[in-house]
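Some notes on the structure that comes next.
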Amino acid sequence: MDVGAFLGRIPPFDTLEPEELDRAARGVRIEFFPVGTTILLQGGEPARHLYVVRRGEVELLDDDHVVDLLGEGEMFGDLSLLSGLGPFTTVRAHEDTLCYLVDLETAQRTFGSPAGLAFSYAALRRRMLSVRREGAGPDPRLVRVGALVARPPLTCGAGTTVREAAAIMARERASSLIVERPDGFGIITDRDLRSRVLAAGRDAGTPVGEVMTAPATVVGDSTTAGDVILRMLEGGFHHMPVVDAAGRLLGVVTDTDLIGLERRSPFAVKSAVARAGTPEEVAAAGHRVPEMVGELVDANADPVDVGRSIALITDAMTVRLIELALDDLGPAPTAWAWIALGSQARGEQALRTDQDHALAFDPTADPEGQRWFGQLGERVTTGLEAAGIPRCRGNVMASNPAMRRSLPQWETAYRGWMRDPGSEGSWFSSIAYDIRQVAGTLEAEAPLRAVMLEARDRPMFVRHLSRRALDLRPPTGFFRDLVVEGRGEQAGKLEIKRGGIVIVGELARAWAVEVGAAATGTIARLDAAAAAGRIDEDTRSGLAESYRLLWEVRLAAHVRAHRAGEPPDDFVDPATLGALTRRELKEAFRIVASAQRTLSTELGVMRR
């Protein structure tokens, strides 16, 4: 296979146009490294080429500890070459190895594309996660959940009585039983026995098939512990059956198994929230969130997952505050729904965030009932504020009467905003179009989403959303190609949120509405837009990895501020960032600006 054909199979070279790929291949040097040869030295001279392994294997060493092996088609030296810094690891030939050496100019053209940035950033994250410092073990969130299964599964049939199931669980000192079903698995837990049998006054002879959870949500044994933690947090699960690649049951992993993996896990914080007996205790648990985020950032957890974890804790605090309010106020006068809006609904919250939420209720609520919902809204809003989440400056909160409406009134309001997105519809398009029901007996999310999907048939509204994505500009231009604030207390800094994160979110929302996608999260919306053919894969991958990088920089800045005893903000001093991060940021902002230019051309409008 010739050089060009070989490179054309490897990301990100596989995204190059044929003539560009041919030019890259013509500039390649071929070099042979006998086993044991040190090719790059950690902290030594910067790499002069990008190395692509053609045949053989090389090992990556961090302080003489082997952290990875790279084989045919994998590359190294890219981060050092592009940043001008010394290699991050030593690279040594593990066996006789043949490499293709790509020059700097070709590497810059290749990795400067959206797909190239996506590949580079993803590779950097993988390598950071693989490197283990002296005295530190691997990140526990990367442990495969199959390794955490401590015992073979305990199973029973759907006809097993509750008495028999309880006896098995007591004898085996287990907190759950898997119920075998023709179409999959069910699960019965000790919590189910308490809440669905004892509390419900059921007879001990009740078959477990009547009180089990079915179908049980299962995970594959290769799923990482971090992913399982998020799934449990989202679903409110405490047990998850684990299956192998063939679907065979291996056992069960519990939240207790996962809590022990980290000192300040999202589970630990959520558990403290659930145990809180007063609003003050909810607030105390909420004030543990910055330490939790610091742990996740230190462990190089995916920044999008960190944002989702914060939102899930906000959900948990909201639910617990509602439960405590109901204890005092008594039962609700009619069916209702508490709806998260904005960043909480998208699952994209940071340490600097505020409240955005609403209440929907059954239209039968009389004036007295509506006053009751007003008390509920104020109690929850006050409780979240005490937990460290400020009130919305725009008053988009359930404590505001305008944010408490019957479900039909909300449906009418949404249709009105879509018909005429004036000044009031402006906040709707950026906050209220992102919804997620957090609590309540009234099914409000599905009807509201159905109304929102009507937007794809309203071209003027879609155009309005698209124009909103052009309102802000990424900070490209001046200080080392990054625009910084010129005056005031933020002079010399760049705004990471409004300069990039918000823009990507607005672009993704507009595209999702245009293709009729129900996705709420920004990454999911980009995926939906690409799947529908609205954007190409290059744009999707470039914006997705740019978004992750921007979130990583933002969260790291928030954690630094918290540890310094300062309130977090979204301004970052470029001088505090490493050369590699500055380069990646510049590329990320350029990708965002390029997507805006394409959209403005499609709309036939001039960017301000």
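The values are calculated or read from the model by the stated rules, or taken from the named source; none is laboratory data. Predicted, not measured: the structure shown is a model, and the values here were computed from it. No Cβ is skipped: glycine too gets one built from the backbone with ideal geometry, and neighbour counts run over all protein chains shown. Remember, those area values only see protein heavy atoms, side chains included, never the ligands or the DNA or RNA. Shrake-Rupley method; radii C 1.70, N 1.55, O 1.52, S 1.80 Å.
One table, with the values for the structure above:
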read-out: Criterion (free of Cβ contacts under 8 Å to residues at least 40 places away in the same chain and open to solvent by less than 40 Å² (accessible area, probe 1.4 Å)) met by exactly one of A524, A510, A530; value: A530
read-out: Criterion violated by A345 - all others in (1) buried (at least 21 other Cβ atoms within 10 Å of the Cβ); (2) more than 19 Å from E234 (Cβ to Cβ); (3) out of contact with any helix residue (DSSP H, G or I) (no Cβ under 7 Å at 6 or more places or on another chain) satisfied; value: (2)
read-out: Members of region 367-414 that are polar (S, T, N, Q), open to solvent by 60 Å² or more (accessible area, probe 1.4 Å) and not in a helix (DSSP H, G or I); value: N395
read-out: Which numbered condition L60 misses (of (1) touching a strand residue (DSSP E or B) at 6+ places or on another chain (Cβ under 6 Å); (2) open to solvent by 30 Å² or more (accessible area, probe 1.4 Å); (3) not in a loop (DSSP other than H, G, I, E, B)); value: (2)
read-out: Pair list, Cβ < 9 Å and 6+ apart or interchain, from region 319-339 residues that are touching a residue at least 12 places away in the same chain (Cβ under 8 Å) and under 20 Å from A446 (Cα atoms) to residues that are crowded, with 19+ Cβ neighbours inside 10 Å and of a type in the set (S, T, N, Q); value: W338/T318
read-out: Every residue from region 177-190 that is surrounded by fewer than 21 Cβ atoms within 10 Å (Cβ to Cβ) and either under 16 Å from E210 (Cβ atoms) or in contact with a helix residue (DSSP H, G or I) (Cβ under 8 Å, 6 or more places away or on another chain) (or both); value: E180, R181, D190
read-out: Options L21, L40: the member that is open to solvent by less than 50 Å² (accessible area, probe 1.4 Å) and without any contact (Cβ under 8 Å) to a residue 24 or more places away in the chain; value: L21
read-out: Close pairs (8 angstrom Cβ cut-off, 6 or more residues apart or separate chains): over 30 Å from V145 (Cβ atoms) in region 200-225, basic (K, R) and crowded, with 18+ Cβ neighbours inside 10 Å anywhere; value: R202/R196
read-out: Residue within region 453-465 that is at pLDDT 90 or above and under 26 Å from A350 (Cα atoms) present; value: no
read-out: Residue in region 320-327 that is open to solvent by less than 20 Å² (accessible area, probe 1.4 Å), assigned to a helix (DSSP H, G or I), farther than 30 Å from S406 by Cβ and not polar (S, T, N, Q) present; value: no
read-out: Filter result (free of Cβ contacts under 8 Å to residues at least 40 places away in the same chain and assigned to a loop (DSSP other than H, G, I, E, B)) within region 175-199; value: P182, D183, A199
read-out: Search result, residues across region 335-366 that are more than 19 Å from the chain's Cα centre (by Cα) and among the β-branched types (V, I, T); value: I339, T364
read-out: Of the criteria (1) in contact with a helix residue (DSSP H, G or I) (Cβ under 8 Å, 6 or more places away or on another chain); (2) of a type in the set (D, E, K, R); (3) open to solvent by 30 Å² or more (accessible area, probe 1.4 Å), which one D78 fails; value: (3)
read-out: Residue in region 74-112 that is modelled with the lowest pLDDT, counting only those that are outside any loop (DSSP other than H, G, I, E, B) and hydroxyl-bearing (S, T, Y); value: S83
